[in-house]
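Visitor: Handing you this structure, nothing more for now.
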Amino acid sequence: MGDYMVKIAKLLLESKPVIFYTVGSGTFECIRVLKVKYGLLPTAICDRDSKKQGNTYRGLEGLIVVPPESAMVDYPGAYWFIPSLDYRFQIIAYLTENLGIPSDHIINYTPVHKVKSCLFLQKALIYDRTGDLRFCWRTPCPALSSTDGIDGKKFRALRDGLIESIQTGGVVVDPACANCPQICEDYYPEESKAWSVNYFCNSVCNYNCSYCTIGGAPPNDSEYGRRTLGEVITAFKEAKLLDPDYSVVLSTAGEPLLHPRRKEFYQAFDGAEFVVNTNGSIYDPDLFEMMTQKQVLLITSVDAGTRETYRKIKGIDGFSRIRNNLSRYAQATMGIVALKYLFVPGVNDFRADIDGFVELCMDIGAMFVIVSIDYFSISNITEHTKNMVQRLRTALAEKHILCVPYTAWETNEYNKMMRELFE
């Protein structure tokens with residue numbers, strides 16, 4: 001995003017209005033970069049979501065979210081920027097086709113087309129905990145076995161073949177794709193390049209979370225002949241698989257901040273956003289240093305608001321420690337800290353935990369919160385749990401903290417439930 005920030009700053013200094021479209025993690029990150037590096041803010045922030053309109057959130061520097069139609073009237077001829085990495089192609093289509101914004105007035109415009117495809121095939125490049133290359137976590141999932149090494153060209157051929165078979169209506173190459181709920185018609189870039197690298201950094205874990213489904217993560221990458229993040233990124237680039245504005249997600253297969261080569265991971269990154277999923281129990285000075293220079297999103301699933309519940313759900317008495325560590329990370333000038341609350345019915349869906357969690361968010365200066373439900377508890381969701389989700393949303397809104405649902409699961413059942421909770 002660095003080049004875009006330079007262009008945005010130049011336009012603003014020339015008194016040309018720049019509008020940021022959508023409010024999400026990327027919005028907070030880009031506003032922080034723009035302010036820290038150039039002392040500037042966008043002219044306006046828009047979102048189609050009527051629930052966000054008329055509000056401001058921590059991290060938006062006092063800017064009020066307005067409907068895009070209002071911004072078009074107030075700032076004719078403005079330039080538009082899309083901070084979202086995941087949804088920027090759908091937004092480009094909306095801005096150009098629905099609002100009539102000229103493509104040359106969309107700062108990060110790229111040509112898009114509407115086709116039948118799969119978001120995971122289009123978006124994700126995953127190096128999993130076994131060393132396989134894949135696109136999603138479905139079982140069985142189309143993958144390139146670790147026995148083939150990091151063969152980016154072979155992986156691209158697999159990916160392109162699957163995408164082509166879906167788009168042409170021919171025989172889907174892999175049976176796992178045949179009935180995939182993610183296959184649908186949507187807007188994707190005409191030049192098909194993925195924009196998310198999920199890297200499972202095998203490591204030991206110092207926690208014993210009650211809802212963890214991984215367990216037993218290999219403690220030593222070298223024993224499995226695994227490649228470093230830098231090697232994976234290089235292979236993807238050589239195969240022309242990566243969009244320049246790619247993100248890296250350090251995914252969970254242990255605690256990434258315990259990994260002995262974590263500094264190499266930080267140094268290998270040269271994309272738009274670096275996402276670290278961590279339990280927050282460790283303060284890493286190297287990560288903090290990175291957060292003072294690059295767009296880093298640190299996500300910590302706290303899942304409690306009291307010491308007792310935290311110990312019950314995490315298997316560790318570490319509530320005070322993570323409060324201290326997250327407060328330190330939140331002092332970084334560029335990166336931001338986001339908290340996650342995963343509801344486990346009957347364990348952490350109580351008022352004391354909701355209220356304590358909101359207090360924690362305020363203490364560390366969290367800009368937004370991600371809400372999830374334990375996937376294996378979907379059938380046990382009661383009205384009480386739903387009410388506690390709403391209590392959390394309401395309390396966060398009163399504190400001007402954005403609350404968003406976690407919808408990365410690939411099942412329609414889970415995503416439908418999350419949408420209903422956030423209507």
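The values are calculated or read from the model by the stated rules, or taken from the named source; none is laboratory data. Given the structure is predicted, the values throughout are model-derived calculations rather than measurements. Here the Cβ is made from the backbone with ideal geometry for all residues, glycine too, and neighbour counts use every protein chain on show. SASA here: full protein model, heavy atoms, side chains in, ligands and nucleic acids out. Shrake-Rupley method; radii C 1.70, N 1.55, O 1.52, S 1.80 Å.
Visitor: Per residue of region 280-288, what does 6.51 cos²θ - 1.76 cosθ + 1.60 with θ = phi - 60° give for ³J(HN,Hα)? Whole Hz please, x for Gly and Pro, Karplus curve as stated.
Guide: x, 7, 10, 9, 10, x, 5, 5, 4
Visitor: Per the 1.4 Å probe, what fraction of the accessible area of the chain, in percent, lies on carbon and sulfur atoms? Working shown, then result.
Guide: Working: 8870 of 18110 Å².
Ligands and nucleic acids excluded, carbon and sulfur reach 49 percent.
Visitor: Straight distance only, please: which aspartates and glutamates reach the Cα of residue 386 with their own Cα at less than 18 Å, same-chain residues fewer than 8 apart left out?
Guide: Hits, sequence-local ones excluded: 303, 349, 353, 355, 374, 413, 420, 423.
Visitor: A follow-up question, please. Taking the Cβ of residue 208 as the center, what net charge do the other residues with Cβ under 15 Å away carry, scoring Lys and Arg +1 and Asp and Glu -1?
Guide: On the way: positive: 311, 312, 314; negative: 255, 303, 317.
My count for the surroundings of residue 208 gives 0.
Visitor: Can you list residues whose amide H is under 5 Å from residue 196's amide H, if they're 5+ apart or on another chain and H is modeled 1.01 Å from N?
Guide: 125, 247
Visitor: Sticking with this structure for a sec: Using only the Cα atoms of region 265-413, what do you get for the radius of gyration and for Dmax, in Å?
Guide: Calculated on Cα positions, Rg and Dmax stand at 15.5, 47 Å.
Visitor: Still on this model: Which cross-chain or sequence-distant (5 or more) residues have an amide H under 5 Å from the amide H of residue 369, H modelled 1.01 Å from N in plane?
Guide: 402, 403, 404
Visitor: How many angstrom separate the Cα center of region 363-423 from the Cα center of region 240-267?
Guide: Cα centroid of region 363-423 versus Cα centroid of region 240-267: 26 Å apart.
Visitor: Quick one: length gained pulling residue 237 to residue 184 fully straight, 0.36 nm per residue minus the C-alpha distance? Each step should come with its number before you reach the end.
Guide: Working: separation 53, 0.36 × 53 = 19.08 nm, distance 2.71 nm.
Net length gain for the segment: 16.4 nm.
Visitor: Counting only heavy atoms of protein chains, what accessible area per residue, in Å², does the chain have with a probe of 1.4 Å? Intermediate results must be reported in sequence, preceding the final value.
Guide: On the way: 18110 Å² over 423 residues.
With the other protein chains kept in place, the chain gives 43 Å² per residue.
Visitor: So who's got an amide H within less than 5 Å of the one on residue 106, skipping anything under 5 residues away but keeping other chains? H placed 1.01 Å off N, in plane.
Guide: 80
Visitor: Taking one equal scatterer on every alpha-carbon of the chain, how large is log10 of I(q)/I(0) by Debye at q = 0.13 1/Å?
Guide: -1.29
Visitor: Taking the Cα-to-Cβ direction at residue 376 and at residue 328 and moving 7 Å from each Cα, how far apart do the two end points lie in nm?
Guide: Spacing of the two 7 Å Cα→Cβ label points: 3.3 nm.
Visitor: Report the convex hull volume per residue for region 272-352, counting only C-alpha atoms, in Å³.
Guide: Working: hull volume 7.1 nm³, N = 81.
Normalising the Cα hull of region 272-352 by residue number yields 87 Å³.
Visitor: Residue by residue, what Karplus-based ³J(HN,Hα) values in Hz, rounded to whole numbers, does region 58-65 have, using 6.51, -1.76 and 1.60 with θ = phi - 60° and x for Gly and Pro?
Guide: Those phi angles translate into 4, x, 8, 6, x, 5, 8, 6 Hz.
Visitor: Once phi is turned into θ = phi - 60°, what whole-Hz ³J(HN,Hα) does the Karplus curve with 6.51, -1.76 and 1.60 give for every residue of region 151-163, x standing for Gly and Pro?
Guide: My calculation for region 151-163 gives 9, x, 5, 5, 5, 5, 4, 5, 4, 5, x, 5, 4 Hz in order.
Visitor: Distances longer than 27 Å among the Cα atoms of region 34-187: what percent of all pairs is that?
Guide: In whole percent, the share of Cα-Cα pairs in region 34-187 beyond 27 Å is 43.
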